[in-house]
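Enquirer: Structure incoming, see below.
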Amino acid sequence: MRTIRVVQYGLGPIGLGVARILLDRPAFQLVGAVDVAPEKQGRDLGELLDTHPLGVLVTPDPQVAREADVVVHATQSRLAQVEPQLLELVACGADVVSTCEELSYPWFHHARSARRIHEVAQEAGVTVTGLGINPGFAMDLLPLLLTAPCRHLRRLVVERRVDVRTRRPPLQQKVGVGLTEEEFHAGVAAGLVGHVGLPESVAMIAAALGWTLDAITDEVRPVLRGGRVEGLRQEARGVVEGEERIRLDLTMAVDLEDPVDRVRVEGDPSFVAEIPGGLHGDVATCAIVANALPLVREAPPGLRTVLDLPPLRYSG
Ligand SMILES: NC(=O)c1ccc[n+]([C@@H]2O[C@H](COP(=O)([O-])OP(=O)(O)OC[C@H]3O[C@@H](n4cnc5c(N)ncnc54)[C@H](OP(=O)(O)O)[C@@H]3O)[C@@H](O)[C@H]2O)c1
């Protein structure tokens, strides 16, 4: 089998985490590294990965994607920010797997942008997919798989509790750690604080179940200790014919007790499935992206979601 040539676009903790996994897998060859951060320019990717020189120098120019079969893209969370980046990569003729949260299921809130990317990707004969732990697995795909044994399904309730002390600094900033309550609310209003992707998970679940949503709500409030923000609790609900059928309850805070991923399936049968301790989001996101690359390579051209891929699995 020919090796899959990969360009890593975005060299923060997530991009480097994916590259580190791929480096250990003979099926992949890292052929390019893109980032805009001035301090990374011209450096060997191996140096950023704390390993031997790879002969791959960091550049701000996305055109290196012309050398790639697939680009792993890990820069920003909002589709409006990344759409121009994705379109340029598509024009380079490479498949794209991105950790952009809003790309995980953009067909509800960003339908026009999704259609544009889909059409351009189809024309270019490449696949664009948004993947990750959340959105993309813990609060949407995994709960969906758990509905397979149900004869009837009334409601899905998903709870994820994350201790961000063990997570990367950009995530701690996104959940508002260290802010005052006023700064937290101002950050939420400006779109700088808060988890991006919970409404996308609700939309993905509803689409997969064939439920037509009246509305998706998304509420965020601070977790406070001693007057300081230690994190957030965010709840998104999917309402179908006036009834709450989907509830996603996400708490991410420093030193949170009882971290867990818990899915309550209400139907016939009703049951609770739990991952004690919860999945480590950074580790899982990098692994999911690396494991899914062979599946994305085989997927039909266009904008695809995790729902369009065969079941994700370890592929090392
Ligand atoms: N779906 C999921 O489950 C999931 C899970 C984890 C992370 N994510 C998302 O994945 C993304 C990456 O995470 P991270 O923690 O590694 O983020 P990060 O620390 O912000 O790193 C992103 C890197 O990309 C660079 N960058 C930003 N805009 C760029 C552009 N237009 N072109 C080239 N490089 C650019 C940044 O440079 P500067 O620092 O100079 O801006 C930085 O080096 C984030 O959006 C994060 O929210 C999603």
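The values are calculated or read from the model by the stated rules, or taken from the named source; none is laboratory data. Predicted model, so just to flag it, every value in this text is computed and none were measured. Cβ: placed from backbone, ideal geometry, glycine included. Neighbour counts: every protein chain shown. Keep in mind that these areas ignore ligands, DNA and RNA; they rest on the heavy atoms of the full protein, side chains included. Shrake-Rupley method; radii C 1.70, N 1.55, O 1.52, S 1.80 Å.
Enquirer: Can you figure out the FRET efficiency of Leu224 with Glu298, using R₀ = 51 Å and their beta-carbon distance, to the nearest 0.05?
Expert: Calculated value: 0.60.
Enquirer: Ranked from highest to lowest mean number of other Cβ atoms within 10 Å per residue, what is the order of the peptides 122-129, 204-211?
Expert: 122-129, 204-211
Enquirer: Could I ask something else about it? Roughly how many Å² is the accessible area per residue of the chain, as a whole number, for a 1.4 Å probe?
Expert: Here the residues of the chain average 44 Å² of exposed surface.
Enquirer: Scaled to the compact-protein estimate 2.2 N^0.38 Å, what is the alpha-carbon radius of gyration of region 221-316, rounded to two decimal places?
Expert: 1.41
Enquirer: Another one. Rounded to the nearest 20 Debye, what is the dipole magnitude of the chain about its Cα centre when Lys and Arg each give +1 and Asp and Glu each give -1 at the C-beta?
Expert: It comes to approximately 420 debye.
Enquirer: Could you check the simple spin-label distance between Arg43 and Thr147, using points 7 Å along Cα→Cβ, in nm with one decimal?
Expert: My value for the distance between the label points is 4.5 nm.
Enquirer: Please list the three semi-axes, largest first and in whole Å, of the ellipsoid equivalent to region 141-278, using sqrt of 5 times the eigenvalues of its alpha carbon gyration tensor.
Expert: Computed over region 141-278, the values are 29, 17, 11 Å.
Enquirer: Got the relative contact order for the chain handy, in percent, Cα pairs under 8 Å and 6 or more residues apart?
Expert: Reported relative contact order: 19 percent.
Enquirer: If one takes the longest principal axis of the Cα atoms in the chain, at what angle in degrees, from 0 to 90 and to the nearest 10, does the Cα axis of helix 111-124 lie?
Expert: 30 degrees
Enquirer: For all pairs of alpha-carbon atoms in region 17-110, what percent lies in each bin of width 10 Å, listed from the first bin to the last filled one?
Expert: That works out to 15, 46, 32, 7, 0, in percent per bin.
Enquirer: For the chain, what log10 I(q)/I(0) values come out of the Debye formula at q = 0.08 1/Å, with one point per alpha carbon and no solvent?
Expert: For the chain at q = 0.08 Å⁻¹, log10 I(q)/I(0) is -0.36.
Enquirer: Then there's this: With an 8 Å Cα cut-off and a minimum separation of 6 or more residues, compute the relative contact order for region 141-278 in percent.
Expert: Relative contact order of region 141-278: 36 percent.
Enquirer: While we're looking at this one, here's another question. What FRET efficiency, computed as 1/(1 + (r/R0)^6) with R0 = 35 Å and r the Cβ-Cβ distance, is obtained for Arg154 and Ala80, rounded to the nearest 0.05?
Expert: The formula returns an efficiency of 0.45 here.
Enquirer: Another question, then. Separation between the Val240 and Arg313 pseudo-spin-labels, each 7 Å from Cα along Cα→Cβ, expressed in nm?
Expert: 2.8 nm
Enquirer: Let me ask another. Using a 1.4 Å probe on the protein heavy atoms, what percent of the accessible area of the chain belongs to carbon and sulfur?
Expert: Roughly 52 percent, rounded to a whole number.
Enquirer: Putting +1 on Lys and Arg Cβ atoms and -1 on Asp and Glu Cβ atoms, find which of Gly42, Val64, Val31 reaches farthest to the positive end of the dipole of region 29-113.
Expert: In region 29-113, that residue is Val64.
Enquirer: Placing unit charges on C-beta atoms (Lys and Arg positive, Asp and Glu negative, everything else neutral), compute the dipole magnitude of region 141-278 about its Cα centre in debye, rounded to 20.
Expert: 300 debye
Enquirer: Right, here's the next one. For the charge dipole of region 141-278, defined by +1 on Lys and Arg C-beta atoms and -1 on Asp and Glu C-beta atoms about the Cα centroid, which residue among His152, Gln173, Gly227 has the Cα displaced farthest towards the positive pole?
Expert: Towards the positive end, the residue furthest out is Gln173.
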